[in-house]
Structure formats: C-alpha cells, structure tokens
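See structure below.
The values are calculated or read from the model by the stated rules, or taken from the named source; none is laboratory data. If you're wondering where the values come from, they're calculated on a predicted model, not measured in any experiment. Don't worry about glycine lacking a Cβ; one is built from the backbone with ideal geometry, like all the others, and counts go over all protein chains shown.
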Amino acid sequence: MSNTTGMRFTKEHEWVKIEDGKAYVGITDHAQNSLGNIVFVELPEIDNDVCSGDTIASVESVKTVSDVYSPISGKVIEVNSNLENDPGLLNNDPYGSYIAILEVSDASNLENLMDESQYQSYCEEEH
Amino acid sequence: MKKTPLYEKHCALGGQMIDFGGWIMPVQYSGILDEHEHVRNEAGLFDVSHMGEILVSGLGAFAYLQRLVTNDLSGAVPGRVVYSPMCYPDGGVVDDLLIYKMAEESYFVVVNAANTDKDFAWFKENLTENVIIDNVSEQYAQLAIQGPNAQTILQKLTDFPLDQIRFYHFQSDVVVCGIPSIVSRTGYTGEDGFEVYLPSEKAGLLWDELLKAGSSLGLVPIGLGARDTLRFEVALPLYGHELSATISPLEAGLGRFVKLGKDDFIGRDALIRQNEAGIKRKLIGFEMIGRGIARNGYTVSHEGKEIGYVTTGSYSPSLKKNLGLALVDADFSEDKFDIIIRDKAVEAEVTPYPFYSKKYKK
C-alpha cells in the first residue's frame, strides 16, 4: 500500500495531502474496508469550487452509497478517471488512489484535521 | 437483537455483522464479489437460520392453507415444496412462503425472517377448525448449500442418495452428519443446491463439517450481501422490494403462482378485479446506460414524468453491469427511460429478466 506520509484525515474517513499548493483527496483504508468491494465512483466535475465539508464524490460498494466530503476548500483541477473503469483501486490502494486534486483556496481547515496517529486512535475509539 | 445458533461461528470466521430485520447476521466474510463468484462457480454455505418455520397440521390443514395462499396445493404430493405468495384481502402481499407438504395433514411452512411474527399472527387470525399451528422457528436452524459443487459436498455427509431429491422436492429424516434433517433441493441463488433444516443445537456441528467437507471443492461461507446479488441476478423476488403489502403478486409478475381458478382464498376477489380492470403496474428489468447504480426507491422517469420506482438495483457481479428491477406504470412501453440518481437523470434501457440464467438441476 502507498504510504501515508504527510496526510491528514477527517472524521468522515477522507485523507488529504498537500503538495505544491495542490490537495490530493481520497478515502482511507478504514473507509474502503468498511464499505467492502467498491464498484462505482462518481467523480466531481473539473472546475467545481468546493468548500471543506461539501460532497465532492460518491463511492458505491455493492450494498451501500457513501458520500465523500472535501477536507479542504478549493477548485477541482483534476479527477482520477482511472476510477471510472477500475473503482476497485480504492480497495486495493486507498492511499495511492486519489479521487480528485484541488487547487487550494483556503487551507485553514487543515488545522481541524487529524494526523495519522490521531486518526488511528479515532478509528479504534469508533469500534 | 436476535442471534442464530451460528453467531459465534460467523464472528470467528471474520464475518462483518449487521442488523437485518432485528437479526444480527453476517453481510460478508471475504467480500461480496468473491463470495458471489464462489457460489456461481463452486459452492457457498449460507446460515439462513433466521428464517421462520410454522408447522400446520390437522384434518383441516389443507383447506386452511389453500385459503391462505394464492398458489394451488391440490396437486402437491407429500415430498413436494410449493412456492406461494400469501395475500391480504386487498391483494397486497403478507409474505411469500415455501410450503413443504410432509403428509396429507401436515405442512412445514418457511417464512421470511423479519415477517415471522407478523405471519404467525396472520395464521392465527385466520385459524379455522381442526387446524393446529405451531411457530417452531427457534427449534430449527437452516443451512443452505448452493452452487455447482453443492451436491458433491453434501453427499459426503449423508448416505441418502441426494440424486433422488428433485428440484422443489424434499426428504425428511435424512441423516446428515448423524443429524436427522429435512433436505430440499431449493435455494435463493439460481444455482443447484440444497436447504437443510435441522435442530438448532446441531447447527454448529453441521456448519463445521460442511466447511471441512467442502474445503477442497471451493466451499466458503456466504453473507447476506452476496445472497442478495445472487437472487437479484436471477430476479427472485425479495419481500419488502419486489413484494410488499402495497404490491400485488400480479404486479410483481408472479401470476404463475396465483391460481384464480381454485376455490376461494384471501385476496382472490381483489386479484380478479385487478385482472379484469387491467393490472396498473408491472415489474421490468433494466440496464444502466449512463454511469450510475440504481438503488431501491430511486425514481424512474420518462421525459420528465415519474413512471415508477426501483425495487432492487445493483452492480451485477456475474454480468459486470449495473442492472435493476423497477415497478412502473403498466402502460409504459418505451425502451429507454431515466433513473434519478442524486437529482440527475441517468439513462437506462429495458432488458429482459432474469438477467442471469438459472442453473437448476431438475
């Protein structure tokens, strides 16, 4: 599995990683694991402006539909179109498979997100 | 929440447990897609002990059941299993049942788990003379073994020649693993296979022995998730989806299990009226053309007008397509329509069902 260095995490089980002012957004291993086999991903539209907390994508497993919320505010500049034909990438490599890349307009929400060790304990508490 | 006698087994096997109609049941073990493929290509083992069983016996049993269900039991000989909807006077469905004819005056009725109490109350409410009903749900566990290797595996644990049990027939007192059981060639997957009813306290033993006997033949435990995708691909109805108190069996396309010509039964007048006036809704199958998965309850629309709703929609693991069943206005006759997914109209096309051909051994 791809590494999680520098990632921050939401309570809704998204991850975000900032590189050169761009935010890569995906779902966590915990998320893919509780969803089960992912069979469909609805990607956001390019150029969409989103605020942190907005729905940017939907991820569907065989049984359930789950919204993906943006961890950060910005404009969608790229989507991972590989997920259209191979949604199972989110199961196989959740941290190597971003859903969208955002050009960050406001990074202030990052402070509210968890680092990896905080996220690990959050997941354990949830159970 | 209620637990089946196999609850600990499911947890030990890593089953992901969920609430299903008041029962805590495994939705999956290894993953729905993997489990689904095992049943289609090799074999799968299901704990369906949550299903209810009601014994109906006595001199009046036959006439009593004939009045409760829409199908005709008169041609059934002992050893036969009959599928039938059971209706309210208005033609809505109380439940769909499997009726095992044990003897002329004795029937073993299998009902949906979440409906057991409701069904038993309905049985009671409509009780007639010389009939004894007994809710024996807790005394029985039920295991289903399904898939092309099902017979070979089950045969390892019994001397009874399973070849002699034909499709929708059963045998009582089959000794499986030393346990006297009812064994029927039935199931809910579209594959060949068996359902085994046995005393609850013996369920753990049979579960373990079956998994052992089947390990070299691809047998794995299957959760409710794959049970649903398997039944959906062969368009077997699920109560609460294709059937309900507000959907008649005629609307659900189950007319072949409704014998309007037999003696009076509950719901008959309403169903005759529906037939005469023209059935208002019909069940259709469809494939998504646009990107998206239709889900239960989503609106079906045509040229902006609502024409019905999705009863079941899913990714089909065997066909690798997004498919669905929908209840729509009976006069709708176009090939294409839209499913409203997250406020967007996504195109779908009518396709015949069952989507996957059944592999029954008759």
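A few remarks follow.
- Cβ-Cβ under 7 Å pairs, at least 6 apart or on other chains, the stretch B:304-328 side closer than 21 Å to B:Leu250 by Cβ, far side assigned to a strand (DSSP E or B) and of a type in the set (Lys, Arg): B:Gly308/B:Arg281; B:Leu327/B:Arg281; B:Val328/B:Arg281; B:Val328/B:Lys282
- Test: residue in the stretch B:101-109 that is in contact with a Gly (Cβ under 8 Å, 6 or more places away or on another chain) and outside the structural domain of B:Ser184 (by TED's automatic domain parsing): yes
- Residue in the stretch B:239-256 that is in contact with a strand residue (DSSP E or B) (Cβ under 6 Å, 6 or more places away or on another chain), within 14 Å of another protein chain (Cβ to nearest Cβ) and either closer than 18 Å to B:Ala43 by Cα or outside any helix (DSSP H, G or I) (or both) present: yes
- So B:Phe120, is it of a type outside the set (Ser, Thr, Tyr) and crowded, with 21+ Cβ neighbours inside 10 Å: no
- Subset of the stretch A:66-83 that is within 14 Å of another protein chain (Cβ to nearest Cβ) and touching a strand residue (DSSP E or B) at 6+ places or on another chain (Cβ under 7 Å) - its residue that is surrounded by the fewest Cβ atoms within 10 Å (Cβ to Cβ): A:Asp67
- Residues being part of a loop (DSSP other than H, G, I, E, B) and either of a type in the set (Lys, Arg) or surrounded by 15 or more Cβ atoms within 10 Å (Cβ to Cβ) (or both) - total across the stretch B:261-271: 4
- Annotation note: of B:Asn149, B:Asn126, the sole residue that is of a type in the set (S, T, N, Q), over 17 Å from the mean Cα position of the chain (by Cα) and surrounded by fewer than 20 Cβ atoms within 10 Å (Cβ to Cβ) is B:Asn126.
- Qualifying residues in the stretch A:38-65 (those that are among the polar types (S, T, N, Q) and closer than 21 Å to A:Ala23 by Cα) - the one farthest from the other protein chains (Cβ to nearest Cβ): A:Ser52
- Count of the stretch B:129-146 residues, restricted to those that are buried (at least 19 other Cβ atoms within 10 Å of the Cβ) and over 21 Å from the mean Cα position of the chain (by Cα), is 2.
- The residues listed here are B:Ala61, B:Ala12; of these, the one that is surrounded by 20 or more Cβ atoms within 10 Å (Cβ to Cβ) and out of contact with any helix residue (DSSP H, G or I) (no Cβ under 8 Å at 6 or more places or on another chain) is B:Ala61.
- For B:Ser333, the conditions (1) out of contact with any His (no Cβ under 6 Å at 6 or more places or on another chain); (2) in contact (Cβ under 8 Å) with a residue 12 or more places away in the chain; (3) of a type in the set (Ser, Thr, Tyr) all hold with the exception of (2).
- Qualifying residues in the stretch B:337-350 (those that are surrounded by fewer than 18 Cβ atoms within 10 Å (Cβ to Cβ) and without any contact (Cβ under 8 Å) to a residue 60 or more places away in the chain) - the one nearest to the chain's Cα centre (by Cα): B:Ile340
- Residue, surrounded by the most Cβ atoms within 10 Å (Cβ to Cβ), within the stretch B:306-336, restricted to residues that are more than 13 Å from chain A (Cβ to nearest Cβ) and of a type in the set (Ser, Thr, Tyr): B:Thr311
- Put simply, of A:Asp106, A:Asp54, A:Asp93, A:Asp86 the only residue that is farther than 30 Å from B:Thr312 by Cβ, surrounded by fewer than 23 Cβ atoms within 10 Å (Cβ to Cβ) and more than 15 Å from the chain's Cα centre (by Cα) is A:Asp106.
- Which listed residue is under 24 Å from B:Gly190 (Cα atoms), touching a residue at least 40 places away in the same chain (Cβ under 8 Å) and among the basic types (Lys, Arg), from B:Arg67, B:Arg40: B:Arg40
- So A:Ile38, is it under 21 Å from B:Lys321 (Cα atoms), at pLDDT 95 or above and among the aliphatic types (A, V, I, L, M): yes
- Selection of the stretch B:158-206 for residues being over 21 Å from the mean Cα position of the chain (by Cα) and crowded, with 21+ Cβ neighbours inside 10 Å yields B:Val174, B:Val176, B:Leu206.
- Given (1) without any contact (Cβ under 8 Å) to a residue 40 or more places away in the chain; (2) more than 14 Å from chain B (Cβ to nearest Cβ); (3) more than 22 Å from A:Ser2 (Cα to Cα); (4) exposed (fewer than 14 other Cβ atoms within 10 Å of the Cβ), number of the condition A:Ser117 does not satisfy: (3)
- B:Asp228 fulfils the conditions (1) away from chain A (no Cβ under 14 Å); (2) charged (D, E, K, R); (3) surrounded by 17 or more Cβ atoms within 10 Å (Cβ to Cβ) except for a single criterion, (1).
- Residue count, the stretch B:346-362 (criterion: more than 14 Å from chain A (Cβ to nearest Cβ) and either more than 30 Å from B:Phe167 (Cβ to Cβ) or of a type in the set (Gly, Ala, Ser) (or both)): 4
- Top-ranked residue in the stretch B:53-86 [being of a type in the set (A, V, I, L, M, F, W, C) and touching a Ser or Thr at 6+ places or on another chain (Cβ under 6 Å); ranked as nearest to B:Thr128 (Cα to Cα)]: B:Val69
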